[in-house]
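Reviewing the structure listed below.
The values are calculated or read from the model by the stated rules, or taken from the named source; none is laboratory data. As the structure is a prediction and not an experimental result, all values here were calculated from the model. Quick reminder, even Gly has a Cβ in these numbers, built from the backbone with ideal geometry, and neighbours come from all protein chains shown. Note: accessible area is taken over every heavy atom of the protein model, side chains too, but ligands, DNA and RNA are not part of it. Shrake-Rupley method; radii C 1.70, N 1.55, O 1.52, S 1.80 Å.
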Amino acid sequence: MNLKIGQGIDFHRLETGLTLWLGGVRIPSDKGCVAHSDGDVILHAICDAMLGAAGIEDIGHHFPDTSDEFKNIDSKILLKKTFDLIKKAGFNFINADCTVCLERPKIAPYVTEMRSLISAILETTSENISIKATTTEKMGFTGREEGVVAMAVVLLKK
Ligand SMILES: [Zn+2]
């Protein structure tokens, strides 16, 4: 079996009055991510992990934040475009494991919907998409609710 592993990490600043998108789901919150796109750190980390596993550059290369094409774009579209890129490079998706780190709100009520949305885009089943959440116990920029970070590991098969 020709397996390839990739990792991705993404950060965005949080600001009051913006919409919070995580894992393709709109999360009720008084703060949202500052970004060129919708700022969905979970989907961006998964995209970067997929591109890394396939060895085809990174999300900034394929979807530059200087391009009007990607301004305020729904990151589910970026995930679909990334899936198309890895398929074109000869890869199939196996699984993703993602951890998002933020102080609040709790995302547990939305995880099932995130897994369902992401697995539909990646033409797999929900058990192949893991979404976990943690806080930094009020330490650092996530603890101060200044930002959010997500990490993902993805396995692909050539
Ligand atoms: Zn991002």
(request) Find the residue count for region 94-108, including only residues that are open to solvent by less than 10 Å² (accessible area, probe 1.4 Å) and closer than 15 Å to CYS47 by Cα. (result) 3
(request) Specify the residue that is surrounded by the fewest Cβ atoms within 10 Å (Cβ to Cβ); the eligible residues are those in region 57-85 that are within 15 Å of the chain's Cα centre (by Cα) and charged (D, E, K, R). (result) ASP58
(request) Answer yes or no as to whether LYS158 is under 15 Å from the mean Cα position of the chain (by Cα) and either on the phi > 0 side of the Ramachandran plot or not small (Gly, Ala, Ser) (or both). (result) no
(request) Considering each residue of region 1-37, count those that are free of Cβ contacts under 8 Å to residues at least 60 places away in the same chain, open to solvent by less than 50 Å² (accessible area, probe 1.4 Å) and more than 19 Å from VAL111 (Cα to Cα), and give that number. (result) 4
(message) Checking the conditions here, which among GLU145, GLU113, GLU57, GLU123 is within 24 Å of LYS4 (Cβ to Cβ) and touching a strand residue (DSSP E or B) at 6+ places or on another chain (Cβ under 8 Å)?
(response) GLU123
(message) Tell me the residue from VAL148, VAL111 that is part of a strand (DSSP E or B), among the aliphatic types (A, V, I, L, M) and either open to solvent by less than 50 Å² (accessible area, probe 1.4 Å) or touching a helix residue (DSSP H, G or I) at 6+ places or on another chain (Cβ under 7 Å) (or both), please.
(response) VAL148
(request) Take LEU43 and decide whether it is in contact with a Leu (Cβ under 7 Å, 6 or more places away or on another chain), at negative phi and loosely packed, with under 14 Cβ neighbours inside 10 Å. (result) no
(message) Can you find a residue that is in contact with a Leu (Cβ under 8 Å, 6 or more places away or on another chain), outside any helix (DSSP H, G or I), open to solvent by 20 Å² or more (accessible area, probe 1.4 Å) and in contact (Cβ under 8 Å) with a residue 24 or more places away in the chain anywhere in region 86-93?
(response) yes
(message) Take the residues in region 125-145 that are open to solvent by 80 Å² or more (accessible area, probe 1.4 Å) and assigned to a helix (DSSP H, G or I); name whichever of them is nearest to ASN92 (Cα to Cα).
(response) GLU127
(request) Taking the residues in region 86-108 that are farther than 12 Å from ALA53 by Cβ and hydrophobic (A, V, I, L, M, F, W, C) as candidates, determine which candidate is farthest from the chain's Cα centre (by Cα). (result) ALA108
